[in-house]
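Undergrad: The following block contains the structure, expressed as structure tokens.
The values are calculated or read from the model by the stated rules, or taken from the named source; none is laboratory data. Since this is a predicted model, take the numbers as computed values, not measurements. Glycine gets a Cβ as well: all are built from the backbone with ideal geometry, and neighbour counts include every protein chain shown.
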Amino acid sequence: MYDQASSLRRQVHSKEAKTLAIISGKGGVGKSNIALNFSLELIRQQKKVLLFDLDVGMGNIDILLGLHAEKTIIDMFNEKLSIHEIIEKGPGGLAYIAGGSGLSDFFTMNQGNRDYFFVQYQELTEFYDYILFDMGAGATKDSIFFILASDECMVITTPEPTSITDAYSMVKHVASSQPDIPIYVVMNRSTTSDGKISLERFKNVVDHFLHIDIKMLGIIPEDKTVFTAVRRQIPYVLLNEQSTISKATKQLVRNYTTNTSGVNKIESTSFVQKLKQLLAGR
């Protein structure tokens, strides 16, 4: 009965959750922390959000939350659970799916498990406004498909030269395969003036050499609140809503929801359809 009712709802409602892949060219730039707090701020704006930890080998959303996930995406396949059974509940109304060290198997699964994932994922689209993928740093030959199948992607970088270089390589990799995907850039751990200059330089270089128009989403400042939040395993927007970084994250979400094309946009090709097409052509 559940499957029949769910199928009927999908036939009636042609809109589905918007997918946003949060990526970085290298590790250690604060990607997962931003993904987590960005999700919580979206929820504060009355959006229904699911955060999906797809950071292979380094999944740490539950660690940042100080929680121990009962089930992960791997358990869904091994135990043939519904995807609803592996969704964990975090603070602030957050729904998330934990990754885990065995997540590398997810990208090399057999066709049977892959089809099972497609069916289960489709169940989510009617329940949420946004599904955010916290991807691992860089892009493997498998994980890139999740990025390319997403509606949009957000690149997290810092002003450090190596971070900027790796972020540029990541943008080039994504844009060369999917030129039309909207790309947002966030400059983390920066002062307002330096961050703005770094963002504008980055945008100009991408525009000049790659001929794509990326969107400068905002700047996240260096803030000691982050260290305290990570140590206490409490998201910084919940630990101190009045901190500089919490206010900057709130503005980041405001910029995103103002400039994005809107949640639940009717797409000619769904995330699952795009993912199937990409995997078929690999």
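Undergrad: For segment 165-190, what are the residues that are free of Cβ contacts under 8 Å to residues at least 40 places away in the same chain and surrounded by fewer than 17 Cβ atoms within 10 Å (Cβ to Cβ)?
TA: Matches in segment 165-190: LYS172, SER176, SER177, PRO179, ASP180.
Undergrad: Can we say LYS47 is more than 28 Å from ASP142 (Cα to Cα), at pLDDT 80 or above and surrounded by fewer than 22 Cβ atoms within 10 Å (Cβ to Cβ)?
TA: Working: more than 28 Å from ASP142 (Cα to Cα): yes; at pLDDT 80 or above: yes; surrounded by fewer than 22 Cβ atoms within 10 Å (Cβ to Cβ): yes.
Considered against the rule, which asks whether it is more than 28 Å from ASP142 (Cα to Cα), at pLDDT 80 or above and surrounded by fewer than 22 Cβ atoms within 10 Å (Cβ to Cβ), LYS47 comes out as yes.
Undergrad: In segment 169-208, what residues are part of a helix (DSSP H, G or I) and either of a type in the set (S, T, N, Q) or within 18 Å of the chain's Cα centre (by Cα) (or both)?
TA: Across segment 169-208, the qualifying residues are SER169, MET170, VAL171, HIS173, VAL174, ALA175, SER176, SER177, THR192, SER193, SER198, ASN204.
Undergrad: Could you grab me the full set of residues in segment 250-269 that are closer than 16 Å to TYR128 by Cα and at pLDDT 90 or above?
TA: THR257
Undergrad: Within segment 117-164, can you find the residues that are of a type in the set (Phe, Trp, Tyr) and buried (at least 22 other Cβ atoms within 10 Å of the Cβ)?
TA: Scanning segment 117-164 gives TYR130, PHE133, PHE146.
Undergrad: Now for a separate question. Scan segment 78-94 and tell me whether some residue there is modelled with pLDDT under 90, in a helix (DSSP H, G or I) and surrounded by 16 or more Cβ atoms within 10 Å (Cβ to Cβ). Don't jump to the end; show me each part of the working.
TA: Initial filter on segment 78-94 (modelled with pLDDT under 90): 78.
With in a helix (DSSP H, G or I) added as a condition, the list becomes 78.
From the residues that got through so far, the ones that are surrounded by 16 or more Cβ atoms within 10 Å (Cβ to Cβ) too are none.
Checking segment 78-94: not a single residue is modelled with pLDDT under 90, in a helix (DSSP H, G or I) and surrounded by 16 or more Cβ atoms within 10 Å (Cβ to Cβ).
Undergrad: Scan segment 27-45 and tell me whether some residue there is assigned to a strand (DSSP E or B) and within 15 Å of the chain's Cα centre (by Cα). Walk me through it before giving the result.
TA: Filtering segment 27-45 down to residues assigned to a strand (DSSP E or B) leaves none.
No, segment 27-45 has no match at all.
Undergrad: Quick one: count up the residues across segment 58-77 that are in contact with a Leu (Cβ under 7 Å, 6 or more places away or on another chain), in contact (Cβ under 8 Å) with a residue 40 or more places away in the chain and either surrounded by fewer than 22 Cβ atoms within 10 Å (Cβ to Cβ) or of a type in the set (Phe, Trp, Tyr) (or both).
TA: 1
Undergrad: May I pose another question? Testing THR225 on (1) out of contact with any Phe, Trp or Tyr (no Cβ under 8 Å at 6 or more places or on another chain); (2) part of a helix (DSSP H, G or I); (3) among the polar types (S, T, N, Q); (4) free of Cβ contacts under 8 Å to residues at least 60 places away in the same chain, one condition comes back false. Which one is that?
TA: Status for THR225: all satisfied but (1).
Undergrad: Do we have THR157 as at pLDDT 95 or above, under 25 Å from LEU94 (Cβ atoms) and among the polar types (S, T, N, Q) here?
TA: Yes; evaluated as a whole, the condition is true for this residue.
Undergrad: Additional query: Can we say ASP55 is among the acidic types (Asp, Glu) and modelled with pLDDT of 90 or more?
TA: When the stated conditions are applied, ASP55 does not pass them.
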